[in-house]
Amino acid sequence: MHTSRRSWSTAAVLLLLGAVAGAGAVREHWLDCRGSMLSGSILRGYAYGPDFSEACLETMDRGGFAFVWPSGEDPWGTESLLGMVCALLWTLSWVAVLAAAGWSRGTRVVAGIPAVLTAGVALGNLLSVRSDALDVGFRLLLFAVDLSAVVAFVVIAARERLSVRTLSRVAFVLAGSTAVGQFPSILDYAFMVTVFSDANWDVPPGAGYPTVVAVGVLGAAVLLMTALPPARARRPADRPVHADLHA
């Protein structure tokens with residue numbers, strides 16, 4: 001029980017630390033928009049203040065932001081390194097759960113695929129060469145991260161007899177650990193252009209922050225659920241003790 005509690009706590013802390021690194025990457029990404037970050041945002045009643053600089057407009061025109069895979073002009077720059085650290089920390093959060101789970105071998109293999117793909121995304125961030133083929137391949141990799149996460153969750157839910165509480169924590173950590181995928185990026189963009197900012201040509205300054213905030217909330221939720229005392233329920237005699245990550 002103590003080991004399981006520690007594993008969930010470790011996963012939650014890694015999600016939170018990754019969110020901090022991701023926020024740093026987002027900040028670096030939008031440095032050219034300093035002074036006009038809130039122009040056209042809901043915090044200003046969608047009113048425009050200082051004009052966007054040419055550098056800021058160029059950043060807005062680059063497209064969506066996925067914490068990784070920046071321009072490639074400086075692969076060892078602050079933005080690239082923070083994005084890589086963010087993705088690796090989120091990967092390790094799911095690895096912490098897998099390492100303590102007493103799931104069947106088949107489940108563990110399927111559940112490990114999202115971690116492998118996310119780690120690949122993180123390391124790909126350091127590539128200094130960019131091409132249309134690499135960009136297409138990277139987008140496909142991001143979609144693969146999302147798909148593998150869905151498949152992993154379905155397999156875990158179907159094959160492992162987990163409590164609702166444990167399955168919820170699995171969902172939270174798995175969702176947070178794969179937040180570098182394409183679907184979270186789409187949701188991030190949709191939130192920014194429909195709720196937060198009217199400056200949507202093409203991407204509003206600050207895009208990326210909704211995702212790191214969401215992952216931070218998921219990490220905090222896992223910590224809270226881990227700190228709460230477990231519900232006392234009678235375990236069937238034939239249920240494997242290791243099937244669940246209690247506490």
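Would you confirm, using the coordinates I've provided, whether Val110 is β-branched (Val, Ile, Thr) and assigned to a loop (DSSP other than H, G, I, E, B)? It is false that Val110 is β-branched (Val, Ile, Thr) and assigned to a loop (DSSP other than H, G, I, E, B).
Looking only at residues in region 194-244 that are among the charged types (D, E, K, R) and modelled with pLDDT under 85, the one that is nearest to Ile156 (Cα to Cα) is Asp244. When we screen Leu162, Leu147 for residues that are modelled with pLDDT of 95 or more and not hydroxyl-bearing (Ser, Thr, Tyr), the only hit is Leu147. Of the residues examined, Glu58 is not one that is among the acidic types (Asp, Glu), assigned to a helix (DSSP H, G or I) and buried (at least 22 other Cβ atoms within 10 Å of the Cβ). You will find that of Val97, Val129, Val121, Val85, the residue that is assigned to a helix (DSSP H, G or I), open to solvent by 30 Å² or more (accessible area, probe 1.4 Å) and among the β-branched types (Val, Ile, Thr) is Val85 and no other.
Does region 144-165 hold any residues that are outside any helix (DSSP H, G or I) and buried (at least 20 other Cβ atoms within 10 Å of the Cβ), and which are they?
Selection gives Glu160 alone.
Only one entry of Trp103, Trp90, Trp69 meets the criterion of being part of a loop (DSSP other than H, G, I, E, B) and modelled with pLDDT of 90 or more, and that entry is Trp103.
How many of the residues in region 28-42 are open to solvent by 10 Å² or more (accessible area, probe 1.4 Å), touching a helix residue (DSSP H, G or I) at 6+ places or on another chain (Cβ under 8 Å) and either part of a loop (DSSP other than H, G, I, E, B) or at positive phi (or both)?
Total meeting the criteria: 1.
Only one of the numbered conditions (1) modelled with pLDDT of 90 or more; (2) small (Gly, Ala, Ser); (3) surrounded by 13 or more Cβ atoms within 10 Å (Cβ to Cβ) is violated by Ser80, and that is (1). Tallying residues that are without any contact (Cβ under 8 Å) to a residue 24 or more places away in the chain, outside any helix (DSSP H, G or I) and out of contact with any Gly (no Cβ under 9 Å at 6 or more places or on another chain) within region 184-230 yields 2.
The values are calculated or read from the model by the stated rules, or taken from the named source; none is laboratory data. For clarity, every value in this text was computed on a predicted model and none was experimentally measured. Here the Cβ is made from the backbone with ideal geometry for all residues, glycine too, and neighbour counts use every protein chain on show. SASA here: full protein model, heavy atoms, side chains in, ligands and nucleic acids out. Shrake-Rupley method; radii C 1.70, N 1.55, O 1.52, S 1.80 Å.
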